[in-house]
Amino acid sequence: MLTDGKGELAALAAAGLWAVASVVYGVVGQRIPPLQLNLIKGIIAIALLLVTILLSGELLPNIALKPLCLLFLSGAVGIGLGDTAFLAAINYLGARRVLLIGTLAPPTTAIAAMILLGEQLNMIAWCGILLTILGVAWVVTERVPSTSDYSTTHLWQGIGFGLLAAITNAAGTVISRLAFASGTVAPLWAALLRLSAGVLIILISIWFSRLRQKTSYYFYWQSWQVILATCLAAFCGTYLGIWLQQTAIKLTSAGIASTLLQTSPLFVIPIAVFMGEKVSWRAIASVIIAIAGIGLLFYFK
């Protein structure tokens, strides 16, 4: 299944791009609600993927019904629900903390596989899960100075959205892996199908929400800065990021892919420092502990 490190490189590249996109979403999210922001970035990414498919000549793929349905389900759960929760969590906690909470996705996947599929975990794997949880808890509970009205209520709301994003990310990864295992699907088309399903779920959610409250969401397009920032984040995090994610899942083992895809907190630290944010040694140590836990879980289970 391994192909000269191409899958591992794709996973690391995706993690780096997600770190950049998450920081941008943290800024843009102050102007655009999470559901609408998820829709906008999804539409931009779908347009870019369609152009890429036309240029690459990968038209009309022969995809069996089972992997097709699995990819749609993966997109509905992981993108439609998961990305919306992720963007909401960033508004409460900031990109750095939310990305670290995302490292709970691989342990969640492993525990779900143990319960649902009967896979056994040894003592070292359980130690890896514990390390990851401790690393996340250590940084999430850190008191940071803020000029905004940062309350305990916001903290727990952010943690709740972050945990929901981690769980749905884990579910989406497992379902996507099942799709690749049950049929031949090009990563480019897998990304397009997942995004299409996610956007469909978002459109349905927005339609129902507008039935309850008549609200217009077009005001934020009056700012060119918001438009450009949203396009940049969608290009890096959604278009390239999901394409590279699907490539990594296809070309390397699920455990290695999941581990490397969750290294975004390592990439976001230098970005945060560059933007003038004060990053404590506790935060850096927490990231290293959490990712070390993921490594123990997948390499020694």
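The values are calculated or read from the model by the stated rules, or taken from the named source; none is laboratory data. Since the structure is predicted, the reported quantities are computational estimates derived from the model, not experimental observations. Cβ placement follows ideal geometry from the backbone for every residue including glycine, while neighbour counts extend to all protein chains displayed.
Of the numbered conditions (1) at pLDDT below 90; (2) surrounded by fewer than 23 Cβ atoms within 10 Å (Cβ to Cβ), Ile43 fails exactly one; give the number of that condition.
(1)
Is it the case that Thr52 is within 21 Å of Leu164 (Cα to Cα), part of a helix (DSSP H, G or I) and either out of contact with any Phe, Trp or Tyr (no Cβ under 8 Å at 6 or more places or on another chain) or touching a residue at least 24 places away in the same chain (Cβ under 8 Å) (or both)?
no
For region 102-119, indicate whether the set of residues that are modelled with pLDDT of 80 or more and either touching an Asp or Glu at 6+ places or on another chain (Cβ under 7 Å) or not in a helix (DSSP H, G or I) (or both) is non-empty.
Scanning region 102-119 turns up no residue that is modelled with pLDDT of 80 or more and either touching an Asp or Glu at 6+ places or on another chain (Cβ under 7 Å) or not in a helix (DSSP H, G or I) (or both).
Considering only residues that are part of a helix (DSSP H, G or I), over 14 Å from the mean Cα position of the chain (by Cα) and not basic (Lys, Arg), look in region 250-266 and name the one that is nearest to Leu87 (Cα to Cα).
Leu266
Just for region 1-30: of the residues that are of a type in the set (Gly, Ala, Ser), in a helix (DSSP H, G or I) and in contact with a Leu (Cβ under 7 Å, 6 or more places away or on another chain), which one is modelled with the lowest pLDDT?
Ranking the candidates gives Gly7 first.
Residues being buried (at least 19 other Cβ atoms within 10 Å of the Cβ) and of a type in the set (Lys, Arg): count how many of those fall in region 236-295.
So the count comes out to 1.
Taking the conditions exactly as written (surrounded by 16 or more Cβ atoms within 10 Å (Cβ to Cβ) and outside any loop (DSSP other than H, G, I, E, B)), does Ser209 satisfy them or not?
Considered against the rule, which asks whether it is surrounded by 16 or more Cβ atoms within 10 Å (Cβ to Cβ) and outside any loop (DSSP other than H, G, I, E, B), Ser209 comes out as no.
State the number of residues belonging to region 226-235 that are under 17 Å from the mean Cα position of the chain (by Cα) and either surrounded by 19 or more Cβ atoms within 10 Å (Cβ to Cβ) or at pLDDT below 80 (or both).
Here the count works out to 3.
Which numbered condition in (1) over 17 Å from Ala186 (Cβ atoms); (2) buried (at least 23 other Cβ atoms within 10 Å of the Cβ); (3) not aromatic (Phe, Trp, Tyr) is the only one that Leu71 fails?
(1)
Take region 55-86 and flag every residue that is among the β-branched types (Val, Ile, Thr) and farther than 25 Å from Gly162 by Cβ.
Ile63
Does region 280-292 contain at least one residue that is in a helix (DSSP H, G or I), β-branched (Val, Ile, Thr), at pLDDT 80 or above and in contact with a Lys or Arg (Cβ under 8 Å, 6 or more places away or on another chain)?
Within region 280-292, not a single residue is in a helix (DSSP H, G or I), β-branched (Val, Ile, Thr), at pLDDT 80 or above and in contact with a Lys or Arg (Cβ under 8 Å, 6 or more places away or on another chain).
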